[in-house]
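Chemist: Before I ask anything, let me first share the structure, which is written out below as structure tokens.
Readers should treat all values here as calculations from the given coordinates under stated rules, not as data from a laboratory. Source: prediction; values computed, not measured. Reconstructed Cβ throughout: ideal geometry from the backbone, glycine too, with neighbour counts over all protein chains shown.
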Amino acid sequence: MTELNLPLRTQRLVLRRFEAGDLDAFHAYHSLPETARFLPREAKSYTQSMESVGKYANFVFEQEGDWICLAIEDADAPGLLGEVVLKWLPGRGQAEIGWSLAPEARGMGYAAEAAAAVLALGFGELGFHRISAKLDALNTASAAVCERLGMRRESTQIDKWHYKGQWATEVVYATLADEWQARQPG
């Protein structure tokens, strides 16, 4: 893959690499059980947050298994609002998208706006054929984001994961490059 042209800018947001100064804000929301609720791991310790921010600040995107993880901030009020990720999956032209936001940034359309910019990057500059999102069926907020993005609900897999002491049903949304392009204005 080529060097990414960062930051990405949307109408309201800047999507950029993480920086050391993001650590406290990142930890503030990743240490909350409500943030960790739909993530595979428990709430993060400060040390785990340091490791994550360091990894996200220095990501490389050259081969299958690599991740792009971009900090989301308001273009008019710098400060970390959350992150949006794109993982290069095994298999030709496959990727997975995800996001996580601080509580004060939820419900404002930031996740959909950031994800749309990353989908455009994935289908445009990076040339992916298919991008999916996998989520817990109880995560209705992320399901609504997928639907706003025009992603198709492809499957519901009952009791797919056992995490945090309970079985969870996985819902998969996806869209193809030609479907995404057909929905773009102009």
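Chemist: Counting alpha carbon pairs within less than 8 Å and at least 6 residues apart, what relative contact order, in whole percent, applies to the range 125-186?
Modeler: Answer for the range 125-186 is 40 percent.
Chemist: On to the next question. Within 10 Å of each candidate Cβ there may be at most 16 other Cβ atoms; applying that plus a DSSP loop requirement, which trypsin sites (Lys or Arg not before Pro) in the range 28-57 survive?
Modeler: Loop-located and lightly packed - ARG37, ARG41.
Chemist: Sum -39500 (n - 2.57) across every DSSP H segment of at least 4 residues in the chain, then divide by the residue count to get the 222 nm mean residue ellipticity, nearest 500.
Modeler: -8000 deg cm²/dmol
Chemist: Relative contact order for the range 8-182: what is it in percent, counting Cα pairs under 8 Å that are at least 6 residues apart?
Modeler: Computed over the range 8-182, the figure is 17 percent.
Chemist: So, one more: Report, in whole Å, the centroid distance computed from the Cα atoms of the range 113-179 and the range 1-71.
Modeler: Between the Cα centre of the range 113-179 and that of the range 1-71, the gap is 18 Å.
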